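Novice: Quick one: this structure, given as structure tokens, is what I'll be asking you about.
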Amino acid sequence: MILFRPVGTAELMLIKQSGYKCFPPRLPEQPIFYPVLNEKYAQEIAEKWNVKDTSDHKGYVTKFEVDDDYCSQFEIQTVGRSYHQELWIPTDELETFNKHIIGKIIVVSEFSDN
């Protein structure tokens, strides 16, 4: 399954430190990891939220592949418009999720209000 994750610069730097192989652990106030199912939705989040909520006013969209069989255990959640689709991965499952990433996490777009 191809997934996307909008991130800010700090999270992107942690992904880079992993060799673009995994996502960093969530913060205590983040009980769920939310990868999204399409690039359009990821771009909306990166442009409308990450750019405004980060100190450097930048947002990025990452793209990655995860084993289909593994992903099938998570129900697709639609959280707004029909294309606002996410997987909800519990924080304690993120390490296992990362092990099912195929290949590397790549940056497909960048947004900035600078």
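The values are calculated or read from the model by the stated rules, or taken from the named source; none is laboratory data. Just so you know, these numbers come straight off a predicted model, no measurement behind them. Cβ atoms come from the backbone with ideal geometry, glycine included; neighbour counts cover every protein chain shown. The area values use the complete protein model at the heavy-atom level, side chains included, leaving out ligands, DNA and RNA. Shrake-Rupley method; radii C 1.70, N 1.55, O 1.52, S 1.80 Å.
Novice: For the chain, what is the charge dipole size about the Cα centre, in debye to the nearest 20, if Lys and Arg each add +1 at the Cβ and Asp and Glu each add -1 at the Cβ?
Specialist: Computed charge dipole of the chain: roughly 300 debye.
Novice: Mind checking the per residue accessible area of the chain for me, 1.4 Å probe, whole number of Å²?
Specialist: Heavy-atom SASA per residue in the chain reads 58 Å².
Novice: Of all the accessible heavy-atom surface of region 3-114, with the other protein chains kept in place and a 1.4 Å probe, what percent is carbon and sulfur?
Specialist: Answer for region 3-114 is 50 percent, counting heavy atoms of protein chains only.
Novice: Long-range amide H contacts for VAL108: which residues qualify at under 5 Å (H placed 1.01 Å from N, peptide plane, sequence gap of 5 or more or a different chain)?
Specialist: VAL61, THR62, LYS63
Novice: For TYR20, list long-range residues whose amide hydrogen, built 1.01 Å from N in the peptide plane, is under 5 Å from its own amide hydrogen.
Specialist: none
Novice: What is the Cα centroid distance between region 1-36 and region 54-114, reported in whole angstrom?
Specialist: The two parts, judged by their Cα centres, are 7 Å apart.
Novice: Give me the net charge of GLU110's neighbourhood, meaning all other residues with Cβ under 14 Å from the Cβ of GLU110; Lys, Arg count +1, Asp, Glu -1.
Specialist: My count for the surroundings of GLU110 gives -1.
Novice: If you don't mind, there's one more thing I want to ask. Within the set of other residues whose C-beta is less than 13 Å from the C-beta of PRO31, count the net charge using Lys and Arg as +1 and Asp and Glu as -1.
Specialist: Within the 13 Å Cβ shell, the charges total -2.
Novice: Here's something else I'd like to know. Taking N as the number of residues in the chain, what value does Rg over Cα atoms divided by 2.2 N^0.38 Å take?
Specialist: Computed over Cα atoms of the chain, the ratio equals 1.00.
Novice: Within 15 Å, Cβ to Cβ, of MET13, how many net charges do the neighbouring residues add up to if Lys/Arg are +1 and Asp/Glu are -1?
Specialist: So the environment of MET13 carries a net charge of +1.
Novice: Highest mean first, how do 26-32, 62-68, 89-95 rank when packing is the count of other Cβ atoms within 10 Å averaged over residues?
Specialist: Ranking, from highest mean packing down: 62-68, 89-95, 26-32.
Novice: Also, quick follow-up: What are the residues whose amide H is under 5 Å from the amide H of PHE33, where those residues sit 5 or more places off or on another chain and H is modelled from the backbone?
Specialist: Amide H neighbours of PHE33: ILE89, THR91.
Novice: Between TYR34 and ILE76, what is the label-to-label distance in nm when each label sits 7 Å out along the Cα-to-Cβ direction?
Specialist: 1.8
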